[in-house]
Amino acid sequence: MKYLCLVYLSAEKWNACPDSACAAYAGALKESGHLLDGTPLHPVHTATTVRVRNGQATITDGPFAETKEALAGFYLIDARDLNEAIQIAAKIPPARYGSIEIRPTRELVVEDEVRVAAAGAAP
């Protein structure tokens with residue numbers, strides 16, 4: 001089963017974990033077949049938020065919400081179950097400085113008619 005491990009860090013802890021530690025752990029996960037994808041993100045001040053209401057797009061500089069911890073990156077993993085996902089997430093180096101949210105992914109079921117319509121629609 002696929003799980004998304006979302007890495008959250010406060011602004012003060014953003015650079016506390018060396019990239020080399022994250023890269024080493026990601027390499028070990030990839031070698032074991034658990035890592036499907038993952039990447040760190042730039043700091044939250046680089047975010048842009050888009051909202052569409054009544055057909056109108058509104059663009060705001062900054063993150064979606066003001067929080068103490070912001071999304072710093074993610075690991076998309078393949079694990080047998082939630083217990084294995086927890087074991088993997090607990091070893092993600094930034095977990096020592098922030099938090100890791102584990103979310104199971106789901107397949108997006110798209111009917112053929114919707115898929116054809118979406119293919120012709122503009123983003």
Among the residues listed as Leu71, Leu41, Leu76, Leu29, the single one being farther than 19 Å from Leu9 by Cα and either touching a Phe, Trp or Tyr at 6+ places or on another chain (Cβ under 9 Å) or aliphatic (A, V, I, L, M) (or both): Leu29
Members of the stretch 19-41 that are without any contact (Cβ under 8 Å) to a residue 40 or more places away in the chain and in a loop (DSSP other than H, G, I, E, B): Leu41
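Given the structure, is Leu6 in contact with a strand residue (DSSP E or B) (Cβ under 6 Å, 6 or more places away or on another chain) and not in a strand (DSSP E or B)? So that I can check it myself, show each step before the final result.
Details: in contact with a strand residue (DSSP E or B) (Cβ under 6 Å, 6 or more places away or on another chain): yes; not in a strand (DSSP E or B): no.
In short, no.
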Among the residues listed as Glu12, Glu31, the single one being charged (D, E, K, R), surrounded by fewer than 15 Cβ atoms within 10 Å (Cβ to Cβ), out of contact with any strand residue (DSSP E or B) (no Cβ under 9 Å at 6 or more places or on another chain) and under 18 Å from Ala72 (Cα atoms): Glu12
Single residue of Ala57, Ala72 found to be at pLDDT below 95, of a type in the set (Gly, Ala, Ser), part of a strand (DSSP E or B) and exposed (fewer than 13 other Cβ atoms within 10 Å of the Cβ): Ala57
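The values are calculated or read from the model by the stated rules, or taken from the named source; none is laboratory data. As the structure is a prediction and not an experimental result, all values here were calculated from the model. So basically every Cβ, Gly included, is an ideal-geometry build from the backbone, and we count neighbours across all protein chains shown.
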